[in-house]
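*Asks:* Once you've had a glance at the structure underneath, I'll fire off some questions.
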Amino acid sequence: MLRALLFDFNGIIVDDEPLHHELLRRVLEEEGVELDLPDAEELFLGRDDRACLDLALSRAGETADPVRLTRLQTRKERYYQEIVRQQGYEFFPGALELVREASSAGLMLGVVSGARREEIERALQQSGVRSQFKLLIAAGEAPRGKPDPRGYLVALERLNAQPPLPDRLVHPHEVLALEDSVVGLAAAQDAGLVTLGVAHSHPVERLNIADAVVEKLEGLDLATLQSLLAEASRR
């Protein structure tokens, strides 16, 4: 039985991964580190900003010390906030509809993401669905980012311990994680959750480690998710 949905943020709810990738490349290019688009997408998808910058600098043979990483991360965040203040957030078709339907049906909802908490809060407030999420796990709120599973393990713990408390313990096989990247799916699976790959960012075949894969959230309803969970549980 499906009792909770845990959403990735960038690439699942908010359609801003191209913007994040563009700005990460921008700050790296300002440091003399250039990446072509396919290389950047492969490095960046599913990881938080700091991990992306660390990987890119190390791969280019550059120093990735904490002070430099913090400086570049802060600059990239400033660029992002300037654009969002001007343009607002863009949401994937079907994402907010699924959130509202699941919440109305009594499911517990959460976000597990490498995005900054301020970004997640602002986007959910803008869309009017913040109150429908029981928990948010943002960048720096778990010991390590994806593909490490600890963000999802923290989320599972909070589903059970954070008010309002469930009538009975929520078990991993009752939780569906929605992810658009291989590293995100790996993190959720290592936490014991059922996984749904959403091909917003990668072709369907790239997400075949997931228990189920869909091309997009648009048109996806709760009944379909219940069926996907039931099918995965029978394997």
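*Asks:* Can you name the residue in region 114-133 that is touching a helix residue (DSSP H, G or I) at 6+ places or on another chain (Cβ under 6 Å) and within 29 Å of H171 (Cα to Cα) and, of all such residues, is surrounded by the fewest Cβ atoms within 10 Å (Cβ to Cβ)?
*Replies:* My answer is R130.
*Asks:* Next up: Quick one: count up the residues across region 134-155 that are exposed (fewer than 15 other Cβ atoms within 10 Å of the Cβ) and either outside the structural domain of V112 (by TED's automatic domain parsing) or in a helix (DSSP H, G or I) (or both).
*Replies:* 0
*Asks:* A follow-up question, please. What's the total number of residues in region 75-114 that are over 15 Å from the mean Cα position of the chain (by Cα), closer than 19 Å to L2 by Cβ and not small (G, A, S)?
*Replies:* Summing the residues that are over 15 Å from the mean Cα position of the chain (by Cα), closer than 19 Å to L2 by Cβ and not small (G, A, S) in region 75-114 gives 6.
*Asks:* Follow-up. Can you pull out every residue in region 156-187 that is in a helix (DSSP H, G or I) and within 17 Å of D48 (Cα to Cα)?
*Replies:* V182, V183, G184, L185, A186, A187
Matching residues to (1) touching a residue at least 12 places away in the same chain (Cβ under 8 Å); (2) not assigned by TED's automatic domain parsing to the domain that holds A223; (3) not aromatic (F, W, Y):
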| position | (1), (2), (3) |
| --- | --- |
| Q73 | yes, yes, yes |
| E77 | yes, yes, yes |
| E101 | yes, no, yes |
| S104 | no, no, yes |
| L109 | yes, no, yes |
| A123 | yes, no, yes |
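*Asks:* Please verify whether R71 is of a type outside the set (D, E), over 14 Å from A115 (Cα atoms) and modelled with pLDDT of 90 or more, treating the condition exactly as stated.
*Replies:* The answer is yes for R71.
*Asks:* I would also like to ask the following. Looking only at region 190-223, count how many residues are surrounded by 14 or more Cβ atoms within 10 Å (Cβ to Cβ), part of a helix (DSSP H, G or I) and without any contact (Cβ under 8 Å) to a residue 40 or more places away in the chain.
*Replies:* The total comes to 2.
*Asks:* Hey, does region 101-110 have a residue that's part of a helix (DSSP H, G or I), more than 21 Å from L19 (Cβ to Cβ), at pLDDT 90 or above and touching an Asp or Glu at 6+ places or on another chain (Cβ under 7 Å)?
*Replies:* Yes: region 101-110 contains one or more residues that are part of a helix (DSSP H, G or I), more than 21 Å from L19 (Cβ to Cβ), at pLDDT 90 or above and touching an Asp or Glu at 6+ places or on another chain (Cβ under 7 Å).
*Asks:* Of these, R78, R68, R59, which one is more than 30 Å from L176 (Cβ to Cβ) and surrounded by fewer than 13 Cβ atoms within 10 Å (Cβ to Cβ)?
*Replies:* R78
*Asks:* Suppose we keep only residues that are in a loop (DSSP other than H, G, I, E, B) and over 16 Å from the mean Cα position of the chain (by Cα) within region 115-133. Which one would you say is nearest to S104 (Cα to Cα)?
*Replies:* Of everything passing the filter in region 115-133, V129 is nearest to S104 (Cα to Cα).
*Asks:* Can you tell me how many residues in region 84-100 are surrounded by fewer than 17 Cβ atoms within 10 Å (Cβ to Cβ) and in a helix (DSSP H, G or I)?
*Replies:* 5
*Asks:* Being surrounded by 17 or more Cβ atoms within 10 Å (Cβ to Cβ), touching a strand residue (DSSP E or B) at 6+ places or on another chain (Cβ under 7 Å) and at pLDDT 85 or above, is that true of even one residue in region 28-45?
*Replies:* No - not one qualifying residue is present in region 28-45.
*Asks:* Another question, if that's okay. Within region 183-194, can one find any residue that is modelled with pLDDT under 95, within 18 Å of G114 (Cα to Cα), touching a helix residue (DSSP H, G or I) at 6+ places or on another chain (Cβ under 8 Å) and in the same structural domain as T224 (by TED's automatic domain parsing)?
*Replies:* no
The values are calculated or read from the model by the stated rules, or taken from the named source; none is laboratory data. None of the values given here were measured: they were computed from a predicted structure. Cβ atoms come from the backbone with ideal geometry, glycine included; neighbour counts cover every protein chain shown.
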